1. What figure in square angstrom, to the nearest 10, would you give for the accessible area of V161 with a 1.4 Å probe?
2. Between K239 and T285, what length in nm is gained on full extension when 0.36 nm per residue of separation is reduced by their alpha carbon distance?
3. Against the empirical 2.2 N^0.38 Å scaling, what ratio does the C-alpha Rg of the range 273-342 come to?
4. Which cross-chain or sequence-distant (5 or more) residues have an amide H under 5 Å from the amide H of V337, H modelled 1.01 Å from N in plane?
5. Taking the square root of 5 times each eigenvalue of the Cα gyration tensor, what semi-axes in Å does the equivalent ellipsoid of the range 260-417 have, largest first?
6. What number comes out for the charge environment of I324, summing +1 per Lys or Arg and -1 per Asp or Glu over other residues with Cβ under 12 Å away?
7. Check which residues have an amide H placed less than 5 Å from K408's amide H, if you skip close sequence neighbours.
8. As an exercise, find the ratio Rg/Rh for the range 159-253 from alpha-carbon atoms, using the Kirkwood inverse-distance average for Rh.
Amino acid sequence: MAEEAMAEDAGMFMVHQTVGSVLCCKCGIPMAPNAANMCVKCLRSEVDITEGLQKHVTIVHCPECECYLQPPRTWIKAQLESKELLTFCVKRLKNLNKVRLVHAEFIWTEPHSKRIKVKLKVQKEVLNGAILEQSYIVEYVQQEHMCESCSRVQANPDQWVASVQLRQHVSHRRTFFYLEQLILKHSAAASAIKIKQMEQGIDFFFSNRSHGVKFVEFVGKVAPVRSRSDKQLVSHDSKSNNYNYKHTFSVEISPICREDLICLPPKVRSSLGNLGPLVICTKVTNSIALLDPLTLRHCFLDTDQYWRYSFKSLHTSRELVEYIVLDMEIISPEVNVGGSRYALADAQVARVSDFGKNDTIFNIKTHLGHILSPGDYALGYDMYGANSNDDELEKYRSLVIPDAILIKKSYEEKRQKKRGKPRPWKLKSLGMEIDDKNKTDQEKVESEYEQFLKDLEENPEMRFNMSLYKNEEYQPSEMASMTDGEDAPSVPLEELLDDLKLRDSDHDVEDEEDDSSMRE
């Protein structure tokens, strides 16, 4: 083409080549020449490359767990119109190696019809080397049959093989609210046949021991735990030497929680470079992050180190007292400590409950100088009025205990404007059965869950490992206007995910007639 363009520019005469055509040897219509000298319609009438290929196949489907049987005994989990299901359907076809598969796609059918239709496009060499491409439809009929695990559960729902008992010996459920979201995001309990909420924890029941072991390993990666296992003989066959056991895994989570005040034992303190001894727990994963609020020194305590001494908290977040900041003077500039920002400051605070009763004012040192200003509210531990009966604290006789230790900024006054209004986001939850003993404490659980939601709004690090979804019931017009310079913390909309809901919609059914074309 480039040479013809150059010749035309130079004014040279060029003979334009035309594509020749021949007549079909059967019907006589003009057509482009090919190896068979037949048009597409005549060639298709002479040769059917889909002859001998399966058009109807029966597949076994489990209605409980949405799995399909891959003979002889393998069950494959696949959703409708997914890549996994398309691969499974194609592999079930016999004699497909006689042709070359070019394309495969689903054709929409009614979900209750128990039919799956797949449109396949294949190629094959026919008369005199001509390649014929043809499409055809394979219909798969679902035969309902429960898999072994589902049939065992249906026969006896309590027939579990492995049980994981998660426990934490504290007076609140904040840790389990957080752990529930991690389990949902990573689908760690997808194979559980039953989940039951207990008084101080959650029980997970599995139909296979390996599923229980895998779940215990997951919990050990996200929390400082120690576990032990036991098994009980259910039955055995002396002739075939087969034994059936029920396995129980007892998993204890460390009672140390975020925002707890801890008095380190002398041995732990010396191993951490004389940290503290009064420290704050700032983060809990498979290790515990500790911060000295008076010096901004921090360290990480791993699981083995903690369980070697197994100490408890001096004060927990349920004992926080609200203070008002009267004066603030920064001592040192803002620094980054363990991924969080702090600034040492001298503060003058007073308890909110003392207003109108006395003039008690405390001069303390705090690590929250970067976010607190005079007039702000803060939550902290009242060491002045606390009666601490702690064996570890009594070992430090010369220790000067501060009158108050501030933990975080309080936004309760700003939240009063939004009280009763829905949040623009929501969380999913595990389908748990509630133990009979816990049904009377639902008000306490709801208040603790509300406090957990407030912690999520204030702490972006906690939201990092969770999936937050948009709340469809939230109306943007109800959003409170910012009348003052600073509003209560909230979750940015860009962090929210769309909640996936499968709805029936009208689908255009593709043309089921065989379309054919011929390539040389």
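The values are calculated or read from the model by the stated rules, or taken from the named source; none is laboratory data. Computed from a prediction, not measured in an experiment: that's the story for all the values here. Counting neighbours? That spans all protein chains shown, and the Cβs are built from the backbone with ideal geometry, glycine included. To get the accessible areas, we keep the full protein, side chains included, count just its heavy atoms, and leave off ligands, DNA and RNA. Shrake-Rupley method; radii C 1.70, N 1.55, O 1.52, S 1.80 Å.
1. Ignoring ligands and nucleic acids, V161 comes out at about 40 Å².
2. Details: separation 46, 0.36 × 46 = 16.56 nm, distance 4.84 nm.
My answer for the length gained is 11.7 nm.
3. Relative to the rule-of-thumb radius for its length, the range 273-342 sits at 1.28.
4. When sequence neighbours closer than 5 places are left aside, the close amide H contacts are Y342.
5. 27, 18, 15
6. After counting each charged neighbour, the total is -4.
7. Counting only residues 5 or more places away or on other chains, the set is L379.
8. Details: Rg = 14.4 Å, Rh = 14.0 Å.
Result: Rg/Rh = 1.03.
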